[in-house]
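J.: The structure's right below; bear with me while I get my questions together.
No value in this document is a laboratory result; all are computed from the given coordinates. Here the structure is a predicted model, which means the values were calculated and not measured. All Cβ positions, glycine included, derive from the backbone under ideal geometry; neighbour counts span all protein chains shown.
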Protein chains: 2
Amino acid sequence: MTKRTYICGLDAAIAVMGGKWKGLILFSLGEEGLLRFGELRRAVPGISERMLILQLRELEASGLVHREVHHQVPPKVEYSLTEFGSSLNTALAPLGEWGEEHMERIEAIP
Amino acid sequence: MTKRTYICGLDAAIAVMGGKWKGLILFSLGEEGLLRFGELRRAVPGISERMLILQLRELEASGLVHREVHHQVPPKVEYSLTEFGSSLNTALAPLGEWGEEHMERIEAIP
DNA sequence: ACTCCTACTGACAAAAGTGTGGGTACCGAA
DNA sequence: TTCGGTACCCACACTTTTGTCAGTAGGAGT
């Protein structure tokens, strides 16, 4: 009877990792472990600086990603998955495998 | 000529089930098996008729959903998952469980 | 003094996604 | 004759998302 804002777990999950980029960012961080901004940018081909920053801010606010600033010049900021983010990444893995498996068919769609 | 290839499986998967509704539609069809338009509409609270139609058309074009028209009056159209859609639904399950498990935390985010 | 480097920030605009309110078709029941 | 019921379609407007381009800070190297 708890008043839920989301209609099911999938709905909630999509709300936090939805959009075109968040899944890929999580995936990259899951693979590499610790990445600085520029590295992350290269790890997610096609994303603009602005988009990466916006998405990272949201992921940080959601508690999925940890941001560590090293006070240096030039600046150095490192991103990594939190426990929470890591658990989401694990849940995302089968979806990635599915996409990998059916890549050709998916590419043939548009 | 937009010859785009996806950068990884997750990218491809997100391309076909991305957006706010497709995951939920697939999920509902996975649960219920066979639903007519009006039933599906009720199964996905908050979606508008227009959105449901648009999303169903895309899912159909992607080969994830099967559409069967019964020539009757009043009209009767039934939707169901294809094998392909069913496999995606399976891959989506862990994500749904993750969301279910962390529902409270997710709801506390905005 | 000048430029390079990195991680940002902000203004603006285009594109994509979404909602609203209307309409269509058909048949049978009232 | 009018109405109810179902599954749509269309035009328009609005909102959210995404992209583009410029600019900032401050120490280090030349």
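J.: Go through the stretch A:68-89 and count every residue that is under 22 Å from A:GLN55 (Cβ atoms), more than 7 Å from chain B (Cβ to nearest Cβ) and either in contact (Cβ under 8 Å) with a residue 24 or more places away in the chain or within 16 Å of DNA strand D (Cβ to nearest atom) (or both).
T.: 12
J.: Can you tell me which of B:GLY99, B:GLY23 is out of contact with any strand residue (DSSP E or B) (no Cβ under 8 Å at 6 or more places or on another chain), touching a residue at least 60 places away in the same chain (Cβ under 8 Å), of a type in the set (Gly, Ala, Ser) and crowded, with 16+ Cβ neighbours inside 10 Å? If you could, list the steps in order and put the result at the bottom.
T.: Numbers: B:GLY99 fails: touching a residue at least 60 places away in the same chain (Cβ under 8 Å).
Every option except B:GLY23 fails the conditions.
J.: Can you find, within the stretch B:33-46, the residue that is farthest from DNA strand D (Cβ to nearest atom) among those that are more than 13 Å from every other protein chain (Cβ to nearest Cβ) and not basic (Lys, Arg)?
T.: So, considering only residues that are more than 13 Å from every other protein chain (Cβ to nearest Cβ) and not basic (Lys, Arg), the one farthest from DNA strand D (Cβ to nearest atom) is B:GLY33.
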